[in-house]
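Only one structure is covered here, and it is reproduced in the block below.
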Amino acid sequence: MLFLLFVSYDHQAVEEERSDMRTETLKDSVYKHSSIKRLYHLLDESLEAENYAEAYKGYSYIYPLIADSLPKEKVESYLDTLYNLAEKSNQKQYLAQANYDIGMHYFGNRYQFKKAYFYYNNAKKLFLELEDSLNIAKSSIRMASVQNKLGDFVGSQNAQIEGLSYLDLSKKENERFLISGYNLLALISSNQHEDEAALNWIQKSIDLNSYSHIRPTLQNNKGMFLLKAGKYDESIQLFKELLEDSLVYKSVTRRARGLDNLGYAQLKSGDQSGLVLIQQSIQLLAKENYAPRYAAYLHLADYYKDKNVALAVKNAKKALALVPSVEDKLEMYEILALHSNDNEENDYLRKYIYLEDSLSNARLNAANQFAKIRFNSELQEQQILKLEKVNTEKELAIEKENFRHFLIITVISILLVLLIVGFIVIRKKNEKNKNIAISKLENKLSKRVHDEVANEVYTLMNKIEHRQIYSNDEMLDYLDHIYVRSRNISRELDSSLLLKNFHGNLKVMLTSFQSKNANVLIQNSSEEFWQPLKNNLKLTIYRILQELMTNMKKHSNANVVVISFKKEENYLQIQYTDNGKSFNLRDLKFSNGIKNIEARVAHLSGNLDFKETEKGMVIILKFRV
């Protein structure tokens, strides 16, 4: 079972005077040397004039003078007034100082450390904005003290080091804060059982110190750290030197502390004469009517726990009645639970278990609690900054409104001129393109009417003239053929009509090239076959086949044309076969018709394959679907 080392030491080597907590503005104010009555009179005048900055100055001097005499339930209302006046003053330095002073109040109340941390954190942020390095350092050091007391040793160490980094060490008066800071870092290291680090920090504090009144405190703490590190001879020598110090000898409490710690160090080293020194410490305080030191009884209880059960229990109970520290109470409950009678043992064991669980949970939660306080504070600051940003943007918007109007009117005028000019240019360009398109369409229609209709009409007229038409039915068939060709040309101009019944329109177009001398056979074409295909693919196929049929009509003189369609996996294949004249493919590819076919196939990333046979031509088209 591990036991705590009971050594008395000071947590704060340098106690700061309250006047040191104030800003330079307050130090130089007229309120510093005024009486209470005069301060109240000045406060009333300031409040009546709604001069909250002056009211805050007066009240900040009144509160320290009356705080000790105030009933406990009235203290917080005075603190609220102090904060409200600082806030209404619209002076950031006053608000920062108010937060710091309120933090000092809660720090002095040993059970309100979390509130103290909250206000120290607020003060630090405001001092950061003011670039007040000294008060940033003091706020950080105070935050570190709270974290150390509540068990967040790592957070305390980081806050302490950060605070010390803000001190301007070129100023002699700032050394006392550095001395205090090093001492606190030593305590934090000791609490984390880092004995060598504790000794290193306390030595830095001792080397820097030039104040005789705090020298005994620092030396005593060093002796305590040596004792915890198991360096008993060094700690005994240091405590002996302390007892020879005139400042220690003249102070009853310091001399009693020195005797107690020296005696305990001797006991730890195996020297039984240490018991005499501890008894002398207890008797000295009793003789001078001073309150007894609980540390002396802690030391005796620790010494007797393995040697004399009755004396261990007796001294543990005395210490328990005096001890303020939760950690020391925990150790006393453990001793009493191990060495008391059965009934008392059970009672002390329950208290020990409860206190140990509470202490463990408190330490585990400490870091999270401090982080939450900082987070909430930062979130509130972000919201304030956001509102300030919104207000600033509104003010800038108002200031820029006239200039914006001027720019808007100017830009609109320029845009209107550009729009009018652009509209005229685009309109003329569109009219030109439209005329070109119309001209191309008219030329195409003219050519097709000439090639497909006029030639057929001329052929009919020639047959009638030479009496090659032998009956009215034959003449009607020929006229119907001319009608179908004319209708096809009309439909091709409107793709929606062409696509509406694609299978039927494709069949009509292909069969329109059929004559007495030329048969056109269509294989595997149906409405269901074409239904799932995309419209642009169907239109392209229609134009390609029309071009092929026209070429057949003009050049091939074929009497049989077979066009077959089939789908293979993701491909559509079209095969054109005729038994017409064989021709030179090289010459064919240079013709306008073949060039058009090749362009249409390439546009859809398809394949085009020409094959010459002894009895005609085979053309295979493939498209991905």
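The values are calculated or read from the model by the stated rules, or taken from the named source; none is laboratory data. Because the structure is a prediction, the values reported are computed rather than measured. Don't worry about glycine lacking a Cβ; one is built from the backbone with ideal geometry, like all the others, and counts go over all protein chains shown. Ligands, DNA and RNA are excluded from the accessible area calculation, which covers all protein heavy atoms including side chains. Shrake-Rupley method; radii C 1.70, N 1.55, O 1.52, S 1.80 Å.
Some values worked out for this structure:
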{"item": "Accessible area (Å², per residue) of region 244-315, counting only protein heavy atoms and a probe of 1.4 Å", "result": "48 Å²"}
{"item": "Per-peptide average of other Cβ atoms within 10 Å, ordering 84-93, 50-59 highest first", "result": "50-59, 84-93"}
{"item": "Accessible area expressed per residue, region 91-215, with surrounding protein chains retained (probe 1.4 Å, Å²)", "result": "39 Å²"}
{"item": "Heavy atoms of Phe529: accessible area, 1.4 Å probe, square angstrom to 10", "result": "30 Å²"}
{"item": "Hull shadow area, averaged, region 29-183 [alpha-carbon convex hull, nm²]", "result": "9.9 nm²"}
{"item": "Ratio of Rg to Rh over region 107-192 (Cα coordinates, Kirkwood Rh, two decimals)", "result": "0.96"}
{"item": "Violating pairs (Cα-Cα greater than 19 angstrom) within the set Lys567/Lys622; Lys516/Lys554; Lys240/Lys317; Lys538/Lys566; Lys240/Lys287; Lys553/Lys581", "result": "Lys240/Lys317; Lys240/Lys287"}
